[in-house]
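Below is one structure; the comments refer to it alone.
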Amino acid sequence: MMTPRTRPLIALLAALLAALTIGGCAMAPDSGEPLRPAELETLVSELTLALSGEGSYRGTGKGEITVSGRTLKVAFAVVYERPGWLRADLRPELGTLGASLTALGTMENGCARMFFPARLLVVTGCVSDVAGDVAELDPAALVLGLPDPSLLSRLEGVSSSRRGERVRIAGHYGGANVVVEVNESLPAITAIEIARDDSDDRMRLTYGGHGWKSAAPVPRTVEMTALEGTSRELGMSVRYETLKPAGPVDRAEYEPVVPDGVLEIDWKELNIWR
């Protein structure tokens, strides 16, 4: 059983799961030349073509997860396969909180499970818990840095502006206001913000370092800030060190082996949120 002392430690790494399930400050209003519908359609086609490379990737890197003012530095290995599947192994960097927070995580169909072997604990959660229909946006791809450009075609009530090589597109989708920023010269999506209509939940992702790997659309850095009302707040940053095509992926082989009798809880049950 978890003690009051161990729960916050577990929750620090479980914050990565929360990052995938909540949706930060809003992007500032922008002004510039509006895009014509034909220009927006061309932009979506160019972004889609830029992402038409491999169907799966394998990478390693380092990151930071911050929750309630505390930061955990981690090293990670990740395998991603389109659409919507991700396996991530995380461990605290040497000299931090120790191996007890090593975690094995998977995400599929908008839901995630993180297994902490040393704690005999599984933490679960789904995007639909708080983000409604936005779960269709493939949260695994959002966190990896490969957001689907077809989102721009699905927005309702679209407004747009171009300033230099930067394009800003805003609209409504799945019960949320969505703002997307694009760098046309790359071309690539460089930022996404999602704000739910019926709550104060917000999530902002920014992507940088495009082109660090030739013929690979994955950005080198991913930054996320998220807020669910006034009760759950966190940040995450990722920097890839290696990246290569993964080839065919047998998802069953990557499923963590969880012993019988392991405690399984929903991420919102973690005491760090209370």
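The values are calculated or read from the model by the stated rules, or taken from the named source; none is laboratory data. All figures in this text were calculated on a predicted structure; none of them were measured in a lab. Methodologically, a virtual Cβ is constructed for each residue, glycine included, from the backbone with ideal geometry; neighbour enumeration extends over all protein chains shown.
Take Leu121 and tell me if it is at pLDDT below 80, touching a Leu at 6+ places or on another chain (Cβ under 7 Å) and over 30 Å from Pro34 (Cβ atoms).
The answer is no for Leu121.
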| task | Could you check how many residues of the range 189-226 are farther than 14 Å from Ser237 by Cβ and touching a Pro at 6+ places or on another chain (Cβ under 7 Å)? | result | 3
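Within the range 154-169, take every residue that is assigned to a strand (DSSP E or B) and among the charged types (D, E, K, R) and give me the one that is farthest from Glu33 (Cα to Cα).
Step one: of the range 154-169, the residues assigned to a strand (DSSP E or B) are 156-163, 166-169.
Subset that is among the charged types (D, E, K, R): 156, 162-163, 166, 168.
On the way: Glu156: 19, Arg162: 5, Arg163: 7, Arg166: 11, Arg168: 10 Å.
By that ranking, first place goes to Glu156.
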| request: Could you give me the residue pairs with C-beta distances under 8 Å whose first residue belongs to the range 215-235 and is surrounded by fewer than 19 Cβ atoms within 10 Å (Cβ to Cβ), whose second residue is at pLDDT below 75 and basic (Lys, Arg) wherever it lies, and which are 6+ apart or on separate chains? | output: none
| said: As an exercise: evaluate Glu255 against (1) within 16 Å of Ala77 (Cα to Cα); (2) at pLDDT below 85; (3) of a type in the set (Asp, Glu) and give the number of the one condition it does not meet. | reply: (2)
| said: On the basis of being at pLDDT below 90 and either among the hydroxyl-bearing types (Ser, Thr, Tyr) or under 13 Å from the mean Cα position of the chain (by Cα) (or both), does Leu137 make the cut? | reply: yes
| request: Identify, from the list Ser153, Ser159, Ser128, the residue that is modelled with pLDDT of 85 or more and in contact with a helix residue (DSSP H, G or I) (Cβ under 9 Å, 6 or more places away or on another chain). | output: Ser153
| said: Report every pair of residues separated by at least 6 positions or lying on different chains whose Cβ atoms are under 9 Å apart, first residue within the range 191-212 and closer than 15 Å to Leu227 by Cβ and polar (S, T, N, Q), second in a loop (DSSP other than H, G, I, E, B) and at pLDDT below 85. | reply: Ser199/Gly229
